[in-house]
Amino acid sequence: MKSKLSALAIALGLAYGASSAFAATATITSTGNANSATIEQVSTTGANATVDQTGDGNSATTTQSGTNENSAVTQSGTNNSAGVTQNGENETSTVTTTNSTAGLVVVNQDNGGPSGNVATVKQDNVFNQKANVSQNGTSLASAITQDTTTRNGGATTAQTGDNNSATIVQSNTWSANASVTQQDSGNSATITQKPYSDGSVANVTQSGTAQNATVTQAIGQGNVNVTQSWTSNTANVNQGAGGWNKNTTVAQTGSGGNVNVTQNGGISTNVNVDQSNYSNTTNVNQTNASYSNVTIKQGDVGFGAYANLANVSQTGTNSTNATVHQVHGDANKATIGQTNTVDSSATIDQTGVGYSGFSNVANITQSNGEQNTGSTYQSGNGNIANETQSGNWNLASSTQYGDANRADIIQTGTGTSLATRNVATVLQNGNNQIASITQSGSANHASVWQH
């Protein structure tokens, strides 16, 4: 009898052990209002948790700690909330919300290892919805999609670790907000706010090396803010046609940064880029944007700022201004091009220590314009300033302090009187200076002072 019981115990033990090898599965389905669903799976491998709720004021919570687990939550209704917490590697969470108002989704994933975790939030035909994703680990991926009338919506992703990606897509984003925060290296953030982005804001904050931020705002008057620290980071911003008071602000602290901003159309659209240190590049392109401003500052307040590059292009604009400040360094280059502009200005300010062979270079070209102003200021040695203007009633000035500097101004126009003439001035203080002014047309004025 004893041996029979022992054999039975062994058989039960084997059966229990075998059953534990299979993945755990839990499913909750509810229809109605004010329901709550909770699933907890601890120290499991390959577990699955599924919650499906229809109604208003419902809540769903899933908690998993293990590996290769999956959580899926689906909700339809108003004032619903969904929370997913996962701790381990190769975890996957998917939360889907449809036809909802004032809902909240929160996903937390920790300790994602080399295989990475994936978080996906889909909110369709929603209003005043919020989605928050927090991840910690390596090779993580987060994707939040708020589609079809995402008014007053909000999407936030925070990631810590290397080689992670975060994507936020919002459609019809009146007064919506999207935010991505990433730390460490090799991460990418992509925010897309589709028409119409009136009153919407996109924020990206990245700390580390080799980070990449891409923000696209389609038709509307949205605002973009990108902050990146450390080295070799890239920011790409594209703001579409139309709207008023569109603004893009990019700040990079470190060397080897790259910024590309495109704005198409609108009134009172502004771009502000601040890059410290050396070997940074900024390209800004504005088309058909009136009463707008571009300001670029490159270089440290200290030493070692060199080889920075700034390019600004403004086309078909009225009363626009472009300003480039490059400070504390040599071998910097700034180029401003304005085409078909009226009553606009271009200013380049280089206060480095340029010397022969490592010159700072300032280029301004204003084509087919009227009542435009071009101005360059340089301190140091061996610097070069070039200004070219075509059209009438334009003003070009170049100021240089130091030795062996060169300034060239070319103005072509059809001026016939003082009311349509062009004016060019060069002021140089130092030794071995070269100045050249070439003008076509009548009643123009040219002045050169060398001291």
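Summary of values
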{"item": "Residue check for T97: of a type in the set (V, I, T) and more than 13 Å from G112 (Cβ to Cβ)", "result": "yes"}
{"item": "Pairs, first over 12 Å from T323 (Cβ atoms) and at pLDDT 95 or above in segment 282-299, second among the β-branched types (V, I, T) and surrounded by fewer than 19 Cβ atoms within 10 Å (Cβ to Cβ), C-beta under 6 Å, six or more apart", "result": "N285/T262"}
{"item": "Among the candidates G430, G402, residue that is within 15 Å of Y377 (Cβ to Cβ), in contact with a strand residue (DSSP E or B) (Cβ under 8 Å, 6 or more places away or on another chain), modelled with pLDDT of 90 or more and surrounded by fewer than 18 Cβ atoms within 10 Å (Cβ to Cβ)", "result": "G430"}
{"item": "Residue among S115, S175 that is over 19 Å from K246 (Cα atoms) and part of a loop (DSSP other than H, G, I, E, B)", "result": "S115"}
{"item": "Index of the failed condition, D56 passing every other in (1) more than 26 Å from F127 (Cα to Cα); (2) not in a strand (DSSP E or B)", "result": "(1)"}
{"item": "Matching residues in segment 107-131 - criterion: being more than 15 Å from T160 (Cβ to Cβ) and within 24 Å of the chain's Cα centre (by Cα)", "result": "V118, T120, V121, K122, Q123, N128, Q129, K130, A131"}
{"item": "Residue count for segment 48-73, restricted to those that are surrounded by 24 or more Cβ atoms within 10 Å (Cβ to Cβ) and more than 28 Å from N99 (Cβ to Cβ)", "result": "1"}
{"item": "Test for Q217: is it crowded, with 20+ Cβ neighbours inside 10 Å, in contact (Cβ under 8 Å) with a residue 24 or more places away in the chain, within 19 Å of T248 (Cβ to Cβ) and of a type outside the set (A, V, I, L, M, F, W, C)", "result": "yes"}
{"item": "Any hit, segment 247-258, residues being touching a Phe, Trp or Tyr at 6+ places or on another chain (Cβ under 9 Å), of a type outside the set (S, T, N, Q), modelled with pLDDT of 90 or more and farther than 20 Å from N321 by Cα", "result": "yes"}
{"item": "Within segment 195-209, considering residues that are part of a loop (DSSP other than H, G, I, E, B) and of a type in the set (S, T, N, Q), the one surrounded by the most Cβ atoms within 10 Å (Cβ to Cβ)", "result": "S197"}
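Yes/no per residue for (1) part of a strand (DSSP E or B); (2) over 24 Å from W230 (Cα atoms); (3) within 22 Å of the chain's Cα centre (by Cα):
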residue: K297; (1), (2), (3): yes, no, yes
residue: Y306; (1), (2), (3): no, no, no
residue: N311; (1), (2), (3): yes, no, yes
residue: H325; (1), (2), (3): yes, no, yes
residue: G329; (1), (2), (3): no, no, no
residue: I348; (1), (2), (3): yes, yes, no
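The values are calculated or read from the model by the stated rules, or taken from the named source; none is laboratory data. Here the structure is a predicted model, which is why all the values come from computation and not from measurement. Cβ: placed from backbone, ideal geometry, glycine included. Neighbour counts: every protein chain shown.
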